[in-house]
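Right, one structure below, let's go through it.
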Amino acid sequence: MAPRGNVTKNKPQPVYSDFFAAANSIDLFKQLLQQKSAELEAKFDPQHSVSPLLETKSDFIDQILISAWIHFLGPQCGRHSLIAVGGYGRKELFPHSDIDILVLIDAGYDADFTEQLSDFFSFLWDIGLKPGQSVRTISECIAAARQDQVIMTSLLELRLIGGDENLFQALEKRIAANEIWPAEEFFLAKMDEQKHRYTKFHDTAYNLEPNIKEGPGGLRDIQIIAWVFRRQYHSETLQDLVKYEFLPESEYKELIAAQRILWSIRYALHLLTGRGEDRLLFDYQRELAARFGFVDDGHNRDVEQFMQHYYKTVVRIERLNEMLLQLFRERFVSKPEECKTIAINANFNSICGYLEAANEQIFERQPLALLEIFLILQHRPSLKGIRATTIRLIRKNLPLIDAEFRSNRQACRLFIEIFRQSHGLTHQLRRMNRYGVLSAYLPCFANIVARMQYDLFHIYTVDEHTLFVIRNLRRFSLEKHNQELPFCNDVFLHINKPEILYLAGLFHDIAKGRGGDHSVLGEEVAREFCQRHDLSQHDTKLICWLVRHHLIMSMTAQRKDISDPDIIHEFASLVKNHERLNYLYLLTVADIRATSPKLWNSWKDSLLKELYVATHKAIRRGLQTPMAISERISETKTETRNELLKLGVRATTIDKTWKFSSDEYFLKYTAEEIVWQTIAIAANGADELPLVLLRPQTQRGSAEVFVYTKNADYLFSICTATLDQLGLTILDARIITTRNEFVLNSFQVLEQSGDPIKDFFRELRICTTLRKNLLVGRVKRQRNINRVSRQAKHFPIATEIHFHEDPMHGQTILELITTDRAGLLSKIGKAFRKHQIILHNAKITTIGSRVEDMFYISDTRSNAITDIQRQDKLRHSILNILDEPNGS
């Protein structure tokens, strides 16, 4: 933070005035800027503070600006003020920081000045400075600041570069707290700003691609502290936080050390990207890790170590920000009567609505109070949190949570009680994690704190993802969140012990990063925890089973044909009872929704719900008497026929339409789907084929594109290529061939954004385009709307192709794992045509940009593809065709 009190003593000098005499002055200044940038870049060392570099650049820009100011404004330059604001005002100029300036003008300026000022700004743009500029009188500054606290904030960091010092000082007096934005109002405005800023980042510092400036725990958190502190105390340096007893010297040093780390990372990020980039994207993390000297150590990759270094830095800032803003509120906002000490129990008091230890020796004398404090917060939801002084005591006494503490039966009871409370579990677990208590009590949890998940769908670290899972589970119990997923809230009513669900959520990913199957390893960790905490044998088995199988429901719903009664019976046999099913369903939904806000959609919601309902029925029916396929087909036919008769469709029309339909058709489609397909087919003659229809909203939350036409080997390839070009995501494909060689192809689709299709003209375009392509037998080559995600480029997935037997249907299952890309399904269809492969069904699963598709195939005689050589030829053909550019 640059001290404003010295600006009049150390004014920048117009050292580059002579440059303007040259005919090529613009080029000279451009070269000067390039040379200075190269000089500063050469001096950058991640192991040393960048503060001198930031100040050096600010001084250098000062010299250029004052030289230009004097040159272009001439005698007028002393009548007005040239002022640095924002980061430039603080002398914190990074390689590509904005250069924000305010020209403070005397009210009586003339037309000549306007022209001179325009030339001044044009020059700055011509040499490449691209300043953020504003021109105002004092009155205009005050009026703007009254309306917008952001402008008021920028005026807090004024620094005079040149011009009229008296005018500058007059503005300083007018923006004093006794004139505008009193300290209390300013504090509340900044708190509201921070709250909204945190919301943009899902209230977590643990995003896998964090923003080091704006994200929680980022540089903006430190600036908030500085702005609020300056408004109240007119202080020029954060070191005064020690003077005014807001921080001890050790915490001040911790804050400054964290700031310097983020400054170094931001400096390196600007150099690496060549622009003012503040996002730590995957694109840059590996290079930054190498730049900062991190190397693979056999356990953690260099980039994981670098990002853990970053996360541990921002969580310190986040904690200090929380403490300081709480203390500021007490001094600036809270009234004396609100800050009276109210006894809670022998160990804790309430002050200003925050829980405080009764004395500094509480935790030393009663270590169990380190857990008790969080339970009290749950019992008393009116309390706002833990007082800053007590947070310090918690941090200081963390070593008391040792092996003896963890094996203490009373400590175990307290920890389990926290999970049994009906209020505040998520908030307290977040506090426990932020203050280090959770890692101290559960060393296994420490292993996942700040641990990256390098894949294409997780956007949080493992510990943050885990806490989001528990938050989602808690929401299923709260009426105020009933509108989000009402079915989950209904299922939650059948959960006898919610703490079992929350503990399963806590441990489901606990073994990530250990190597091996994290579900298997996590089961063992969960079992040790349950036994240490004296949970019943039943509860222990249930928690361990949930941890071991927490992925199975998602995999079954998305990768298997859940219209097949045998698949349902197989899954139900694993689950065994309704109790497990209820717990597993809720854990599965919470887990997917906590992975990424973009990963959950109506399709996944529908699939899981469908699997839950079918499994519930299978268990109720009895696992010893599973539904036969023939019984399922008969049920569907009867239900569909009755519905069609109700709608006025004649029995003869139904029989004629169904005459050549296979049993597989009535197995794979629901009665609702067959009803509208039957009506559509019956209403269209053979000369109107191909029939292409779109039903915008189905029970599965997606649109259904239905194709009925004469069979041809190019159909799947053309359909998928067309839908892909139209920017649609194909979620599921069902291919049915009638006995008279007509096909009923059905594709469940969503927009690429994950949203349903809502526009009528969009629906019309999809149908007309697909019908046109089917008629001509090809897809016109054009630019594809779909794009490979930026993240996918950095996490390429090696293509895997596996063949599995499907004895129930006499088919072969081709399993494809690869990176999603434009035209993928079309290319697969091309390979099938080349090798005379018949596609009967397809399960399309895309998680982020990871494809896990299952194709049910046979030869032209409907026999399984069992010959190894033929499988190898098909595998190599697919691998080769996937490497071809689109349109080839």
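Listed values, structure above:
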item	result
Hey, residue 701 within 39 Å of the chain's Cα centre (by Cα) and small (Gly, Ala, Ser) or not	yes
Hey, residue 250 surrounded by fewer than 20 Cβ atoms within 10 Å (Cβ to Cβ), among the hydroxyl-bearing types (Ser, Thr, Tyr), out of contact with any Cys (no Cβ under 6 Å at 6 or more places or on another chain) and more than 27 Å from residue 46 (Cα to Cα) or not	no
The stretch 304-346, subset of a type in the set (S, T, N, Q), out of contact with any strand residue (DSSP E or B) (no Cβ under 7 Å at 6 or more places or on another chain) and open to solvent by less than 20 Å² (accessible area, probe 1.4 Å), residue nearest to residue 223 (Cα to Cα)	321
Count of residues meeting criterion [among the polar types (S, T, N, Q) and open to solvent by less than 10 Å² (accessible area, probe 1.4 Å)] in the stretch 721-753	4
Evaluation of residue 472 against (1) within 19 Å of the chain's Cα centre (by Cα); (2) surrounded by fewer than 22 Cβ atoms within 10 Å (Cβ to Cβ); (3) among the polar types (S, T, N, Q) (one fails), failing number	(2)
Members of the stretch 212-229 that are surrounded by 24 or more Cβ atoms within 10 Å (Cβ to Cβ) and assigned to a loop (DSSP other than H, G, I, E, B)	215, 216, 217, 218
Meets criteria (more than 23 Å from residue 73 (Cβ to Cβ) and not in a helix (DSSP H, G or I)) for residue 205	yes
Qualifying residue in the stretch 361-373 (condition: in contact with a Ser or Thr (Cβ under 8 Å, 6 or more places away or on another chain) and either of a type in the set (A, V, I, L, M) or open to solvent by less than 10 Å² (accessible area, probe 1.4 Å) (or both))	yes
Elements of type helices (runs of 4 or more DSSP H) contained in the stretch 376-455, each with 2 or more residues being among the small types (Gly, Ala, Ser)	403-407, 437-441
Failed condition for residue 718, given (1) out of contact with any Phe, Trp or Tyr (no Cβ under 9 Å at 6 or more places or on another chain); (2) free of Cβ contacts under 8 Å to residues at least 60 places away in the same chain; (3) open to solvent by less than 30 Å² (accessible area, probe 1.4 Å)	(2)
Criterion violated by residue 284 - all others in (1) more than 30 Å from residue 145 (Cα to Cα); (2) free of Cβ contacts under 8 Å to residues at least 60 places away in the same chain; (3) open to solvent by 40 Å² or more (accessible area, probe 1.4 Å) satisfied	(3)
Some residue of the stretch 408-427 being farther than 25 Å from residue 536 by Cβ, aliphatic (A, V, I, L, M), open to solvent by less than 20 Å² (accessible area, probe 1.4 Å) and free of Cβ contacts under 8 Å to residues at least 60 places away in the same chain	no
The lone exception for residue 190 - which of (1) touching a residue at least 40 places away in the same chain (Cβ under 8 Å); (2) open to solvent by less than 20 Å² (accessible area, probe 1.4 Å); (3) farther than 28 Å from residue 281 by Cα; (4) assigned to a helix (DSSP H, G or I) it fails	(3)
Which listed residue is within 30 Å of residue 270 (Cα to Cα) and of a type in the set (Val, Ile, Thr), from 175, 142, 127, 138	127
Pairs where the first residue, in the stretch 38-67, is more than 14 Å from residue 263 (Cβ to Cβ) and the second is in a helix (DSSP H, G or I), C-beta under 6 Å, 6+ apart	41/271; 60/36; 67/17
Among residues of the stretch 517-552, those that are open to solvent by 50 Å² or more (accessible area, probe 1.4 Å) and either closer than 19 Å to residue 443 by Cα or basic (Lys, Arg) (or both), counted	10
Condition met for residue 341 (modelled with pLDDT under 95 and either within 30 Å of residue 226 (Cα to Cα) or not basic (Lys, Arg) (or both))	yes
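The values are calculated or read from the model by the stated rules, or taken from the named source; none is laboratory data. Keep in mind that this is a model prediction, so the values were computed, not measured. Note that we place each Cβ from the backbone using ideal geometry, even for glycine, and neighbour counts take in every protein chain shown. Accessible surface areas use protein heavy atoms only, side chains included; no ligands, DNA or RNA. Shrake-Rupley method; radii C 1.70, N 1.55, O 1.52, S 1.80 Å.
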